[in-house]
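Everything on this sheet refers to the single structure shown next.
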Amino acid sequence: MESEFEHMANLVLVILCVAGGMLMWQTHGWLMAVSSVLFAGCGLLLVFHWGAVHMRRMGEDGR
């Protein structure tokens, strides 16, 4: 079962990714640059986090 920390980390990363994506299309200039980096960075961190959790669970299952 997923721990509270893993669940909260997923939730925060999803929220930041969505917020960055929404801001990216509504802003201009430096704020658009910051929000696009936020969008891409949080999405990438979310993928790595899910992958690490999945690999750890597979190790615990003995597969």
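The values are calculated or read from the model by the stated rules, or taken from the named source; none is laboratory data. Computed from a predicted model, the values in this text were never measured in an experiment. Backbone-built Cβ (ideal geometry, glycine too); neighbour counts: all protein chains shown. In case anyone asks, the SASA skips ligands and DNA or RNA and just uses the protein heavy atoms, side chains included. Shrake-Rupley method; radii C 1.70, N 1.55, O 1.52, S 1.80 Å.
Taken together, 16, 44 contain a single residue that is open to solvent by 40 Å² or more (accessible area, probe 1.4 Å) and at pLDDT 90 or above, which is 44. Of all residues in the range 21-43, those being closer than 17 Å to residue 11 by Cβ and of a type in the set (A, V, I, L, M, F, W, C) number 4. The criterion of being exposed (fewer than 14 other Cβ atoms within 10 Å of the Cβ) and charged (D, E, K, R) holds for residue 60. Report whether or not residue 5 is open to solvent by 100 Å² or more (accessible area, probe 1.4 Å) and either assigned to a helix (DSSP H, G or I) or of a type outside the set (Asp, Glu) (or both). So residue 5 passes the test.
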